[in-house]
Amino acid sequence: MSGASQRPPNASMGLLEDVISKALDPGYAEAAARGPVRRSTPMRLGQGGFDLLLAVLLGLVTVVAVAQLRSPSLSGPDPRELLEREITDRTAEADALASDVQVLSAEIAQIQTDAVASVNPGLFAQLEDYELASGAVGVTGAGLVMVIDDSEVDPDDEAARVQDVDLQVVTNGLWAAGAEAIAINGQRLTSLSAIRSAGQAILVDLNPLIPPYRIEVIGDAHELQTTFARSSAANHLAFLSGTYGITVDTTSETTLELPGVGNRTLRYAVPSGVASSSTEDEKKGTP
């Protein structure tokens, strides 16, 4: 390269030399030369007091928030009271409807009496027998009263409480002993009745029962007691009483009044020889 000045070999090493010899930025070097800021003692005490106060306030807010989340709110009504009030209201409505059913059933019975008794006395007598057997009308007569109650020894033990199966066994034993009509806590039992449980409650035809369970039975009191005492149902009650402390009290009554359930419509059963509406629809091709 004639005529051109040659660059020294170390001409491009200036940047590397600056990085090696001046590792810190000039701003960092200036800050390091100034040294730490010296605060006066009152200023440091004030800053520390502010930090302590802030920490206490934050801790207090946290404690209050946790306490409010863990404790139940007392501003609104008690849910248990609301549920009890709802149950009371619905029970009163159901009782009123049941009373209306009894009144209407009595009116229907009177109309049937006026229409059939004078025209066909035999048919009317047969109708009365059917109503008595089906539980559609109320009945009056002598019989037994059996009161079964939960154990008082250990009321928290589920086995020491009367179950739906216990009432089923007892009522079946009473029917077999010759009972003509049975009611539990005022709920008449019929061939369509069901005794079942829902949680800890016992239901008769969807009507909840409250212990003690008063079973009223119309029939020959002496025959009922004698026959029932020899049945497996009596042994079942003796086992419950001796093992779990469930109480059973039986007395004879000269007059008992059991309510009727009114007329009910059979949804599936029909008299023999009479085709149901569903069968007739199938023959006609109706879906």
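The values are calculated or read from the model by the stated rules, or taken from the named source; none is laboratory data. Only a predicted model underlies this, so the values are computations on that prediction, with no experimental measurement involved. Every residue, glycine among them, receives a Cβ derived from its backbone with ideal geometry; neighbour counts consider all protein chains shown. Remember, those area values only see protein heavy atoms, side chains included, never the ligands or the DNA or RNA. Shrake-Rupley method; radii C 1.70, N 1.55, O 1.52, S 1.80 Å.
Quick notes
- When we screen Ala183, Ala133 for residues that are open to solvent by 50 Å² or more (accessible area, probe 1.4 Å) and out of contact with any helix residue (DSSP H, G or I) (no Cβ under 8 Å at 6 or more places or on another chain), the only hit is Ala133.
- Scanning segment 201-233 for residues that are loosely packed, with under 14 Cβ neighbours inside 10 Å and touching a helix residue (DSSP H, G or I) at 6+ places or on another chain (Cβ under 8 Å) returns a single hit, Ser232.
- The residue that is most open to solvent (accessible area, probe 1.4 Å), among those in segment 140-176 that are part of a loop (DSSP other than H, G, I, E, B) and of a type outside the set (Asp, Glu), is Val153.
- For segment 102-130, the set of residues classified as among the β-branched types (Val, Ile, Thr) and open to solvent by less than 40 Å² (accessible area, probe 1.4 Å) consists of Val116 only.
- For first residues located in segment 153-177 and touching a residue at least 60 places away in the same chain (Cβ under 8 Å), partners that are open to solvent by 60 Å² or more (accessible area, probe 1.4 Å) and lie 6+ apart or on another chain with Cβ distances below 6 Å form the pairs Ala159/Tyr244; Ala160/Asp154; Ala160/Tyr244.
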